[in-house]
1. Just name one of B:243, B:224, B:114: the one whose Cα is farthest towards the positive end of the charge dipole of chain B (beta-carbon charges, Lys/Arg +1, Asp/Glu -1).
2. 7 Å along Cα→Cβ for the label point: how many nanometres lie between residue A:129 and each equivalent label in the other copies, listed shortest first?
3. Taking the Cα centre of the range A:119-229 as origin, work out the dipole magnitude from +1 charges on Lys and Arg Cβ and -1 charges on Asp and Glu Cβ, in debye rounded to 20.
4. Name the most mobile residue of A:196, A:25, A:69, meaning the one with the largest mean-square fluctuation, in a Gaussian network model of chain A with Cα contacts below 10 Å.
5. What whole-number value in cubic angstrom gives the convex hull volume per residue for the C-alpha atoms of the range B:216-262?
6. In whole angstrom, how far apart do the alpha carbon centroids of the range B:127-193 and the range A:195-262 sit?
7. Relative to the other copies, what are the label-point distances for residue A:204, with labels 7 Å from Cα along the C-beta vector, expressed in nm at one decimal and sorted shortest first?
8. Can you run phi through the Karplus equation (6.51, -1.76, 1.60; θ = phi - 60°) for the range B:152-169 and list ³J(HN,Hα) in whole Hz, with x for Gly and Pro?
There are 2 protein chains.
Amino acid sequence: MTGTLPAADPTDTRAQFRAGLALPSSGWAPGFTQANLVVLPREWAYDMLLFGQRNPQPVPLLDVTDAGSVRTALAPGADLRTDLPRYRVWRDGALVDEPTDVVDLWSEDLVAFLIGCSFSFETALLDAGVPVRNIEQGRNVSMYRTNRACRPAGRLSGPLVVSMRPVPGHLVPTAVQVTGRMPQVHGAPVHVGSPSSLGIADLSRPDFGDPVEFDEGDVPVFWACGVTPQAALMASRPPFAITHAPGFMFVTDVPDAVYRQL
Amino acid sequence: MTGTLPAADPTDTRAQFRAGLALPSSGWAPGFTQANLVVLPREWAYDMLLFGQRNPQPVPLLDVTDAGSVRTALAPGADLRTDLPRYRVWRDGALVDEPTDVVDLWSEDLVAFLIGCSFSFETALLDAGVPVRNIEQGRNVSMYRTNRACRPAGRLSGPLVVSMRPVPGHLVPTAVQVTGRMPQVHGAPVHVGSPSSLGIADLSRPDFGDPVEFDEGDVPVFWACGVTPQAALMASRPPFAITHAPGFMFVTDVPDAVYRQL
């Protein structure tokens, strides 16, 4: 499938993924919001919903489905069982499969959570003239476990996970203002400039993703990260869960601009 | 108790209400956020939490307690059973009592929802030079059922309820911008200027609250209203519920400024 050109339209994008194309979704349907997916048995849904309410920066819930439904208000024509390019299947906290659809695994007992993703604010940063080093370097963003605990919710608890982007010092205020206007996709940074006070010993050794190089004068800026709920879920070991595979997101019909405020 | 001076401090305010003082909370602890209260059996909590997620403008959830707990993160020293000036008790959708505490009614099975309130944005409007006619006239704000349905969640459904404030035409943009920066306390208006398109036939006959007089040049501006979840609950008739009595709110330790964005 190498060489497939990304589709510009969300419907076309999802149709290709539904047909089995398994590529990372970055660059597909530019300008439309992409979302993290977490699917859980109904018996775990209350804890997840409460975890999102209590930790809105790392877990901005864009939509929650009715139990058993494969439909989301974020893309009325989509089928959540087939329209992501790749899924992960978890049993008792362990990764057991990475299929391109989950039709055979779906049941009336499942609730799907669609969670905001930093792809939306990276576009906004670029539009505002803030360079995004991980994009320039063709790497995944660097992500770290911190020493800050999320507010627990029932059986779910865990550390705040952050993503880090190097930002030129004179553009840090712009980066704060631009992302602060997008609270539904993680919002303003949670920290600027001092990794050690978040418990991060070495920026060149991220817990997830790739190391990203700093230019002269760049300062590390930390945002709450959508890996946080996955980290909490995997620590809490629900009997069954489905998520997207990292980088293989759900492409919605919602323009990024909808999540930009005033 | 007529003539009691409102306390300036949230702790003092709650201590007086805890001791039995039963006055409306408007004017008490100015500058601190006041919240609507809804308390439900655990078996109804998921539907309420989902109703809030799906309808964030009328139901901005500021905090949700652990089942059985009388504590909230919004005011760590407070006791939710005693610290509101007056409560309402509902059985099968009918109002059965209006006590000044609910100590005898509390149980391990109850979950409390603290919901943002327009008192916070009325202060912000006044600070920005926008007159608030209901305050000038010493009346409760006018509230109306609309022809817009909320997104249902499980057993909970109902119409959007709005509050209406007359705003001088040249200050409507300011009112939109000021409240748009406060999404956790209902945010920007949902409609401006055309009551009939919301299904409101006569502004002088509100469904809740008092009629409010217009000055020459005032335009009706409509915001999503915290009465919406109560309307949905009463229509859905849960076996048991506790709420605040209208106007007798929960006074938190959170400064209003925390809910004002950039």
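1. B:224
2. 3.0
3. Charge dipole, the range A:119-229, about its Cα centre: 620 debye, nearest 20.
4. A:196
5. 179
6. Their Cα centres are 36 Å away from one another.
7. Once sorted, the set of distances for residue A:204 reads 7.8 nm.
8. Ordered by residue, 3J(HN,Hα) equals x, 9, x, 7, 9, 8, x, x, 5, 9, 10, 9, 10, 10, x, 10, x, x Hz.
FYI, it's all coordinate maths here, none of it is from the lab. Remember, predicted model here, so these are calculated numbers, not experimental data. So basically every Cβ, Gly included, is an ideal-geometry build from the backbone, and we count neighbours across all protein chains shown.
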